[in-house]
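Data first, discussion second: the structure below is written as structure tokens.
The values are calculated or read from the model by the stated rules, or taken from the named source; none is laboratory data. Owing to the predicted nature of the structure, the values given are computational and were not obtained by experimental measurement. Neighbour counts are summed over all protein chains in view; Cβ atoms, including those assigned to glycine, are modelled from backbone coordinates with ideal geometry.
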Amino acid sequence: MKTFILICIVAIHLINAKSLGERLKHDPFWDDLNTHCGSELADELEAICQGKYNELPVGVSQSIVHRRKMGIPLITEECCYNPCTRRILKEYCAPNQQ
């Protein structure tokens, strides 16, 4: 009985992993890791956010002091000192003003 339950659990995980993998296909433009520093970082944000971006991700406290105390990285720490994806850069886009 334990073996049957274990087989069922493994089967469920494999089915879920396959369907998740189909939904989350790797897109090199959005998912490849790169470092973006200085004007290159600004250019990437300009292109991804159509010129409307924040120093901090939307929905996160905008206080740099608060972020430092909480250990939350700033964009240069997240994408210049360490590689990041364009999906992470997109989190810094300003919300649409429509």
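Among the residues making up segment 47-67, those that are part of a helix (DSSP H, G or I) and either modelled with pLDDT of 70 or more or of a type outside the set (K, R) (or both) are A47, I48, C49, I64, V65, H66.
Residue pairs whose Cβ atoms lie under 6 Å apart, separated by 6 or more positions or on different chains, with the first residue in segment 20-43 and farther than 12 Å from C79 by Cα and part of a helix (DSSP H, G or I) and the second of a type outside the set (D, E, K, R) and at pLDDT 90 or above, are D31/T85.
Can D31 be described as surrounded by 12 or more Cβ atoms within 10 Å (Cβ to Cβ) and modelled with pLDDT of 90 or more? Here the answer is yes, as D31 does meet what is asked.
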